[in-house]
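All remarks here apply to the structure that follows.
The values are calculated or read from the model by the stated rules, or taken from the named source; none is laboratory data. Here the structure is a predicted model, which is why all the values come from computation and not from measurement. Heads up, the Cβs are rebuilt from the backbone with ideal geometry, glycines too, and the neighbour counts pull from every protein chain shown.
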Amino acid sequence: MSPEYKVTMDEKPFEVEVKMLDEGGVLVVKVGDQSFTMKPTMLEDGSWVVNTLATDYSIKVLKRTGKAIILEINGEEREIEWERQRKVETLKKTAGTTRGGPRIAGGIYPPMPGKITEIRVSVGDMVKSGDTICILEAMKMFNELKADSSGSVKEVNVDVGTMVTTADLLVLIE
């Protein structure tokens, strides 16, 4: 499995994966070969308390600039650079043709060019495999585009009325 993020802290690079363990917000964060179970809780002032089952960490975002973020962790200022890595998979050929080349795992792509007439999800929504994500009108027919897997909606890249092609990433589910 490829990392979700490349993180640099104190000039040291790290590969980081983040997975939601349950609906209660418990996360498993894998940094290199080490795994940590933690539960982040956002406070009213916008700061966070992250409980690692052994201790609590107080975290405040002081500044964000592009890929750089300055955090205050238990009163100590730390600068972190991070970059999200997208997982890419290649579609198998079907009937001698590909449907647009490389694809992002968890991505919803239209099977044919058309117009989006309905979007049934928003960023942050939890979906299950088989849920209808959006409706595509193509060749005078309405096609339900469904989730291939369960997860959280991370991106919605279209609006109602958008004309799309088979290469367009409509929605990303992780």
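Of all the criteria given as (1) among the aliphatic types (A, V, I, L, M); (2) at pLDDT below 80; (3) closer than 19 Å to Gly151 by Cα, the one not satisfied by Leu53 is (3). Residues of region 128-152 that are out of contact with any strand residue (DSSP E or B) (no Cβ under 6 Å at 6 or more places or on another chain) and of a type in the set (A, V, I, L, M, F, W, C): Met139, Met141. Against the numbered list (1) surrounded by 14 or more Cβ atoms within 10 Å (Cβ to Cβ); (2) modelled with pLDDT under 90; (3) of a type in the set (S, T, N, Q), Thr117 comes up short only at (2).
In region 90-111, how many residues are of a type in the set (A, V, I, L, M) and either over 21 Å from Val156 (Cβ atoms) or at pLDDT 90 or above (or both)? Talk me through it step by step, then tell me what you get.
If we filter region 90-111 for residues that are of a type in the set (A, V, I, L, M), which is where we start, we get 91, 95, 104-105, 108.
Filter once more, keeping what is either over 21 Å from Val156 (Cβ atoms) or at pLDDT 90 or above (or both): 91, 95, 108.
Going through region 90-111 one residue at a time, the tally reaches 3.
Once region 130-147 is narrowed to residues that are at pLDDT 90 or above and outside any strand (DSSP E or B), the residue that is surrounded by the most Cβ atoms within 10 Å (Cβ to Cβ) is Ala147. Just one of the numbered conditions (1) closer than 20 Å to Gln85 by Cβ; (2) at pLDDT below 90 is not true of Gly151: (2).
If you go through region 72-89 one residue at a time, how many are under 30 Å from Val171 (Cβ atoms) and modelled with pLDDT of 85 or more? Counting residues in region 72-89 that are under 30 Å from Val171 (Cβ atoms) and modelled with pLDDT of 85 or more gives 2.
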